[in-house]
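Q: Submitted below is the structure of interest, expressed as structure tokens.
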């Protein structure tokens, strides 16, 4: 456990069609990439869940199940993972409202309204940039290697 | 493909065993199949999550939807064999407060089918 490893600094991008089949592709791809930081199983599951939430939001809300491209980037640096999930869809009019637990704009689709709450809970930082008609970009950061920083 | 649904019944109870990954993509399949089974007249529902390797908030939505239907018709719904990771999602959503969760299917059946 105390074994010293060379510092990992790495980056990747994924761009894929806004199709629900790609939700599992995105989370599995990100998890495979992040694995080089030796995350715990729990951390990996949390990362997969967050990727799934953000990509699902892009598909359902950003593109409203229509055509579009979702961009996922992942940067690994000094034991930290920075992830962005971006769409060029319709954007979110009221981000404060959207981030409320159990809020959903699509109750008829049996959405739980827990996407942002899960992202906030499983990550150490979250930042949402959005504008109606322009799209939404979610940036999250998770500290994987330094427990003293991770507990804030 | 990425999600398998196995159903069984005992008395008035429908047992749904999920394996694989429950996300937005596979949620519709669960909804449709469980609804079709419930339409045959089962009152109670037990969902076994032992082999579920992944679930996100789309899964919470599907479970909540079934909970509403079952309880509105006077039935009971419970979950069993829910791993720690999934438990966190149920806790975050507040669904722990309304759903009965049991360690095993046997316990869930014993508690769900009887008064």
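Readers should treat all values here as calculations from the given coordinates under stated rules, not as data from a laboratory. Bear in mind the structure is a predicted one, so any value in this text is a computation, not a measurement. Cβ coordinates were reconstructed from backbone atoms using ideal geometry, including for glycine residues, and neighbour counts include every protein chain displayed.
Q: Given a 10 angstrom Cα cut-off, can you work out which residue in B:87, B:77, B:55 is the most mobile in a GNM of chain B?
A: B:87
Q: Ranked highest first by the average count of other Cβ atoms within 10 Å around their residues, in what order do A:118-124, A:92-98 fall?
A: Details: A:118-124: 19.9, A:92-98: 13.9.
Ranked by mean Cβ neighbours within 10 Å, highest first: A:118-124, A:92-98.
Q: Additional query: Would you mind ranking B:40, A:137 so that the residue whose beta carbon has the fewest other beta carbons within 10 Å leads the list? Don't jump to the answer; show the numbers that get you there.
A: Working: B:40 8, A:137 20.
In increasing order of surrounding Cβ atoms, one gets B:40, A:137.
Q: Return the whole-Å distance between the Cα centroid of the range B:1-19 and the Cα centroid of the range A:56-131.
A: About 31 Å separates the Cα centre of the range B:1-19 from the one of the range A:56-131.
Q: Could you work out, residue by residue across B:48-60, how many beta carbons of other chains sit within 10 Å of that residue's beta carbon, and then give the average as an integer?
A: Numbers: counts 0, 0, 0, 0, 0, 1, 7, 3, 14, 15, 12, 2, 8.
Whole-number average of other-chain Cβ neighbours for B:48-60 is 5.
Q: Here's a follow-up. Report the per residue volume, in Å³, of the convex hull enclosing the C-alpha atoms of the protein assembly as shown. Please list the in-between numbers first.
A: Details: hull volume 35.8 nm³, N = 267.
Spread over its residues, the Cα hull of the protein assembly as shown gives 134 Å³ apiece.
Q: Something else about it: Can you tell me the 0 to 90 degree angle between the C-alpha axis of helix A:21-34 and the longest principal axis of chain A, rounded to 10?
A: The two axes meet at around 20 degrees.
Q: With r as the distance between the Cβ atoms of residue A:129 and residue B:4 and R0 = 51 Å, compute the FRET efficiency 1/(1 + (r/R0)^6) and round to 0.05.
A: On the way: r = 39 Å, r/R0 = 0.76.
Once rounded, the FRET efficiency stands at 0.85.
Q: Sorting A:73, B:10 on the 10 Å Cβ count, fewest up front, what's the list? Please list the in-between numbers first.
A: Values: A:73 17, B:10 13.
Listed from fewest to most nearby Cβ atoms, that is B:10, A:73.
Q: Taking the Kirkwood radius as the inverse of the mean 1/r across Cα pairs, report the Rg/Rh of the range A:9-150. Before the final figure, lay out the partial values.
A: Working: Rg = 14.4 Å, Rh = 15.1 Å.
Here Rg/Rh amounts to 0.95.
Q: Looking at the range B:3-112 from every direction and averaging, what is the projected area of its Cα convex hull in nm²? The partial results should precede the final answer.
A: On the way: hull surface 23.3 nm².
Averaging across all directions leaves 5.8 nm² for the Cα convex hull.
Q: Can you pull the mean other chain C-beta count within 10 Å for peptide A:45-58? Don't jump to the answer; show the numbers that get you there.
A: Details: counts 8, 2, 0, 5, 9, 1, 1, 10, 5, 0, 3, 7, 2, 0.
Mean shielding count: 4.
Q: Based on other C-beta atoms within 10 Å, arrange A:7, B:12 from fewest to most.
A: On the way: A:7 9, B:12 12.
With the sparsest Cβ surroundings first, the list reads A:7, B:12.
Q: When the helices in the protein assembly as shown are scored as -39500 (n - 2.57) per DSSP H run of 4 or longer and the sum is shared across all residues, what 222 nm value do you end up with, to the nearest 500 deg cm²/dmol?
A: -11000 deg cm²/dmol
Q: Can you tell me the orientation of helix A:41-57 relative to chain A, as the angle in degrees between its alpha-carbon axis and the longest Cα principal axis, to the nearest 10?
A: Approximately 20 degrees, to the nearest ten.
Q: Which whole number gives the average count of other chain Cβ atoms within 10 Å of the Cβ atoms across peptide A:116-128? Display every interim value, and only then the final one.
A: Details: counts 1, 5, 7, 1, 1, 4, 3, 0, 0, 0, 0, 0, 0.
Shielding by partners across A:116-128 averages 2.
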